[in-house]
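So the structure is just underneath, and the comments pick up after that.
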Amino acid sequence: MVSIESLNTRQRRHLQGITERYNKRTNKSKKFAKSYRQILADNQAFNGFNFPLKEMCYPIVCQHSLGSKVRDIDDNEYVDFIMGSGINLFGHNPSFIKEALIVQLEKGIQLGTQIDLIGEVTEGVCELTGMERVAFSNTGTEAVMTAIRLARTATGREKIVIFSGSYHGHFDGTLVELKRKNGNSKIVTIAPGILANIADNVLVLDYGNSQSLEIIKAHEQELAAILVEPVQSRRPNLQPREFLQELRQLTKESGITLIFDEMVTGFRIHLGGAQAWFGVEADLATYGKIIGGGMPIGIIAGKADYMNGIDGGMWNYGDSSYPHAKTTFFAGTFCKHPLAIAAARAVIKHLKTQGLTLQQQLNERTSQMVKRLNDFFEKDELPIRMANFGSLFGSAFSANYVLTDNSVSLPGLDLLKYHLLDRRIMLRGRGGFLSTAHTNEDIDYMIWAVKDSIEELRSGGFLPTNSAQLTN
């Protein structure tokens, strides 16, 4: 981590200037963070902590959202590309979801009984995803945890495979990583508090690498499931169609459960998600985010042979049938929450009405936006490239900016983030999501903000001057 003392005078002046400007613009958000830090344990206020940027390290506190915009408690309006980390495909507070929630609120929040909308919503999920059976949870993490449990129940095996760079929520069973040191590699848990023996039942392999398929073959008799984020939200440029199709064939032959984690890709890239896009039919898939319309929801969907592990499978009244399948444990007080199910019904109806046109147009608009950004980065000789998978966009690779003169590295992308926030643009890390609520003017403004921020970073000595500027 870079110390302030290591910065030259020009850089210090620049850092002081953006800090003072940003603090003034977001003064109430900073006071909010300071007031509640002692009692509010909040990793959102901690993520990305960097000592030189310490005075700008606090979340923006918002009080209102609509369409592509959010408004903070300092009354600044931002164009939001975070979009609830992928939840808000239709922008903030769309009227058709708001109306559905109001109707349900009038009817009440009946927990512990079966909500009358659940059958229609289940049919809609099956229709869009092509899956045979569906169960509902509260979060994506719960959905992934349940899918793994169902795979282990159906196969009688214990080990699973995940891939480096993927994210599957905060369930202990997936919080492992592959550490390489001195030519050796070891699978370890990613943080304190997670039992080390969790790693004993997980293999972490390179995504999209054919050698990973060979490793899977070598372990096929002990593997219950392969858990895949079809296109990783951290690496949207990696879209390994052939690898996924070969993986599907291998898992079929080996009796290994193929699980698609479609929290981000589901209903975004295509009505049928990444499975429809890549032509790969998973055994189980998990969904959330978009389908809940802003309400917390998780969905586990899949083939009946696996989903029967929740309730024993199909049986009828008036005959000798009974729940015959081996079941595992599944529960949750807020599963099938009436507000979440009402919102999901509204989303499904909207998606079916719009058809594939919604995704096709949004995917194309995002591709055009990314091309405009990349054209600028290339022309300005910047070591940045963007990529997109449908309306998800982000860095095509990681790169740290160089500080010139003393060749000290500062996470320049963190500093760029504050420049963009100062210009009232919200991004999710190094990228974000385009929604149907974003206008062409929103996109134009974001691209201007990126260009203007980079020029200011250059003038402050945080980015090298390009060759064209050197010759002028």
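Structure summary
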{"quantity": "Acute angle (nearest 10 degrees) that the helix 118-129 long axis makes with the longest principal axis of the chain, alpha-carbon atoms", "calculated": "70 degrees"}
{"quantity": "The chain: calculated mean residue ellipticity at 222 nm from DSSP helix runs of at least 4, using -39500 (n - 2.57)", "calculated": "-12500 deg cm²/dmol"}
{"quantity": "Calculated FRET efficiency for the pair Asn93/Arg37, C-beta based, R₀ 41 Å, to 0.05", "calculated": "0.90"}
{"quantity": "Reciprocal mean inverse distance between Cα atoms of the stretch 14-145 - Kirkwood radius, Å", "calculated": "18.7 Å"}
{"quantity": "Local net charge near Leu415, Cβ-Cβ under 15 Å (Lys/Arg +1, Asp/Glu -1)", "calculated": "+2"}
{"quantity": "Inter-probe distance in nm under a simple model that places probes 7 Å from Cα toward Cβ, at Ile187 and Lys28", "calculated": "4.9 nm"}
{"quantity": "Cα-Cα pairs of the stretch 95-355 separated by more than 33 Å (percent)", "calculated": "21 percent"}
{"quantity": "Spatial separation of Cα centroids for the stretch 185-212 and the stretch 231-274, in angstrom", "calculated": "19 Å"}
{"quantity": "J(HN,Hα) series, the stretch 248-261, from Karplus relation 6.51 cos²θ - 1.76 cosθ + 1.60, nearest Hz, glycine and proline x", "calculated": "4, 5, 5, 5, 4, 5, 9, x, 9, 6, 9, 10, 9, 8"}
{"quantity": "Alpha-carbon centroid distance for the pair the stretch 7-49 / the stretch 55-117, whole angstrom", "calculated": "25 Å"}
{"quantity": "Likely footprinting exposure, Val228, Val176, fewest C-beta neighbours within 10 Å first", "calculated": "Val176, Val228"}
{"quantity": "Overall form of the stretch 1-86 per C-alpha gyration tensor (a/c, 1.5; a/b vs b/c)", "calculated": "prolate"}
{"quantity": "Label selected from (i) 178; (ii) 233; (iii) 153, the criterion being volume of the Cα convex hull per residue in Å³ as computed here", "calculated": "(i)"}
{"quantity": "Which of Ile290, Ile198, Ile215 has the fewest Cβ neighbours within 10 Å, and the rest in rising order", "calculated": "Ile215, Ile198, Ile290"}
{"quantity": "Nearest 10 degrees, 0 to 90: helix 95-107 Cα axis against the chain principal axis", "calculated": "50 degrees"}
{"quantity": "Net lengthening on full extension, Glu158/Lys179 (0.36 nm per residue, minus Cα-Cα)", "calculated": "5.4 nm"}
{"quantity": "Loop sites in the stretch 1-85: trypsin sites (Lys or Arg not before Pro), DSSP, at most 14 other Cβ within 10 Å", "calculated": "Arg37"}
{"quantity": "12 Å beta-carbon shell around Ile425, net charge (K/R +1, D/E -1)", "calculated": "0"}
{"quantity": "Full-stretch length increase - Lys54, Glu364 - with 0.36 nm per residue and alpha-carbon distance subtracted", "calculated": "107.8 nm"}
{"quantity": "Pairs beyond 28 Å (Cα-Cα), from Lys371/Lys417; Lys352/Lys417; Lys28/Lys336; Lys24/Lys451; Lys217/Lys303; Lys28/Lys349", "calculated": "Lys352/Lys417; Lys28/Lys336; Lys28/Lys349"}
{"quantity": "Percent antiparallel among DSSP beta bridges (both partners in the chain, rounded to 5)", "calculated": "65 percent"}
{"quantity": "Net charge of Cβ neighbours under 12 Å - reference Met263; Lys, Arg +1; Asp, Glu -1", "calculated": "-2"}
{"quantity": "Theoretical gain in end-to-end length, Cys126 to Phe46 [0.36 nm per residue, Cα-Cα removed]", "calculated": "24.8 nm"}
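No value in this document is a laboratory result; all are computed from the given coordinates. All figures in this text were calculated on a predicted structure; none of them were measured in a lab. Cβ sites come from the backbone with ideal geometry, for glycine too, and all protein chains shown count toward neighbours.
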